[in-house]
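Below is one structure; the comments refer to it alone.
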Amino acid sequence: MSVLPFDQRDGVIWMDGKIVPWADAKLHVLSHGLHYGGAVFEGERAYNGVIFKSRQHSERFRQSADLLGFDIPFSVDEIESAKAEVIRRNGVADVYVRPVAWRGSEMMAVAAQNATIHVAIATWEWPSMFDVEQKMQGIRLDMADYRRPDPMTVPAHSKAAGLYMICTISKHRAERKGYADALMLDWQGRVAECTGANVFFAKGGALHTPIADCFLNGITRQTVIELAEQHGIAVSERRIMPEELPDFDECFICGTGAEVTPVSEIGPYRFTPGDVSRTLLEAYSAEVRRPR
Ligand code: PMP
């Protein structure tokens, strides 16, 4: 399948306060963000033209930058109206939304105190998988070699570009072995998350999920916990060791991109997507499309 490269698409991108043609949204090769990882981003979805939990994403975007020691030169309100404008101008109502901020070219060494902070917002079509029965087949996960790092060693709660290095390596290794994604442990050997999504397990009708103390506490994860509570499903946030994996009945991953995606296999362990996964898959799908 050939996919149109992301730098050759039609439409507009919001860049540093202005709407520019897609092809013109460029940066120089000597940009600090590219060389030293001084960049943060967001991943959001609009359903029928409205971004789910948009403000929360804009707040996290600014906070991710703050954790990297820079200030995004646009307020939450300005980011909100920029996102809405890009969606409107691109004329597609169901899209993925990608804000990104990076340190510019004024300084090109470890220190970048005077580098200008640039911000861009792009949108593109990324249909969510509607077929519930197909989703209920579950995806297959590998066990990643890399672990989520100790929060004493990285800004673990920032959605920082640099932290995705181990995610891309892990996902590539998993895909080469025929898996859809990989489950990562954390620096202490506890179950953590996938390369771009959080993870939940079900046992005896209740949900169990790792404490988000060294990885992103996903907005979808928080939504799933609220929805589970509304449906009378108990949720336990706790330390989960990989030795426990054979004891769970069900597993699913969740994130803005993945939404709620059941899992049938993690390395040697098997799961059967069932009632808990189905309930949350359907509840999440309804929640994101609920008119507001
Ligand atoms: N963990 C990682 C590493 C991610 O990239 C994502 C996707 N942003 C998530 C978790 C889930 O976050 P959210 O639900 O806010 O999309």
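The values are calculated or read from the model by the stated rules, or taken from the named source; none is laboratory data. Keep in mind the model is a prediction, meaning the values are calculated, not measured. Positions of Cβ are backbone-derived with ideal geometry, glycine not excepted, and every protein chain shown enters the neighbour counts. Accessible surface is based on the protein model in full, side chains and every heavy atom, while ligands, DNA and RNA are left aside. Shrake-Rupley method; radii C 1.70, N 1.55, O 1.52, S 1.80 Å.
Observations on the model:
- Above-threshold pairs, the threshold being 24 Å between Cα atoms, out of K171/K203; K53/K83; K26/K177: K171/K203; K26/K177
- Kirkwood-based shape ratio for the chain, expressed as Rg/Rh from alpha carbons: 0.97
- Packing, taken as the mean count of other beta carbons within 10 Å per residue, orders the peptides 218-230, 251-263 from highest to lowest as 251-263, 218-230.
- Listed residue (G69, W124, M108) projecting farthest to the positive dipole end of the range 6-124, Cβ model: W124
- From the alpha carbon centroid of the range 19-66 to that of the range 212-234 is 24 Å.
- Basic side chains Lys and Arg get +1 at the Cβ, acidic Asp and Glu get -1 at the Cβ, and with that the dipole of the chain about its Cα centre reaches some 320 debye.
- Packing-based ranking, highest mean first, of 108-117, 8-17 given that Cβ atoms within 10 Å are counted: 8-17, 108-117
- Once the Cα atoms are used to define both axes, helix 76-90 deviates from the longest principal axis of the chain by about 90 degrees.
- Whole-Hz ³J(HN,Hα) from phi, Karplus 6.51 cos²θ - 1.76 cosθ + 1.60, for the range 97-105, glycine and proline x: 10, 10, x, 9, 10, 8, 7, x, 9
- Here the label points at T272 and E175, each 7 Å from Cα along the C-beta direction, are separated by 3.2 nm in the simple model.
- Förster radius 35 Å - calculated FRET efficiency between A23 and N48, Cβ distance, rounded to 0.05: 0.80
- Alpha-carbon centroid distance for the pair the range 263-292 / the range 99-141, whole angstrom: 24
- Quotient of C-alpha Rg and 2.2 N^0.38 Å, computed over the range 47-155: 1.37
- Fully extended contour minus Cα-Cα distance, from R290 to V110, at 0.36 nm per residue: 60.2 nm
- With a Förster radius of 22 Å applied to the C-beta separation of Q134 and Q222, the computed FRET efficiency comes to 0.25.
- Relative to the current alpha-carbon distance between Q63 and Q8, full extension at 0.36 nm per residue lengthens the span by 16.7 nm.
- The chain: relative contact order as a whole-number percent, Cα under 8 Å and 6+ apart: 17
- Kirkwood radius, the range 132-288, all distinct C-alpha pairs, inverse of mean reciprocal distance: 15.4 Å.
- Along the range 133-147 the Karplus relation, 6.51 cos²θ - 1.76 cosθ + 1.60 evaluated at θ = phi - 60°, assigns HN-Hα couplings of 5, 5, 4, 5, 5, x, 9, 9, 10, 8, 8, 6, 6, 7, 10 Hz to successive residues, with x for each Gly and Pro.
- Heavy-atom accessible area order for F6, F61, largest first, 1.4 Å probe: F6, F61
- Here the sum of -39500 (n - 2.57) over DSSP H runs of 4 or more residues, divided by the residues of the chain, equals -8000 deg cm²/dmol at 222 nm, to the nearest 500.
- Computed about its Cα centre, the charge dipole of the range 216-276 is approximately 180 debye, with only Lys, Arg, Asp and Glu carrying charge at their Cβ.
- Förster-model FRET efficiency, 25 Å R0, K203 and V154, C-beta, rounded to 0.05: 0.20
- Angle in degrees between helix 219-230 and the longest Cα principal axis of the chain, rounded to the nearest 10: 40
- Nearest-10 value in Å² for the accessible area of F74, using the 1.4 Å probe: 40
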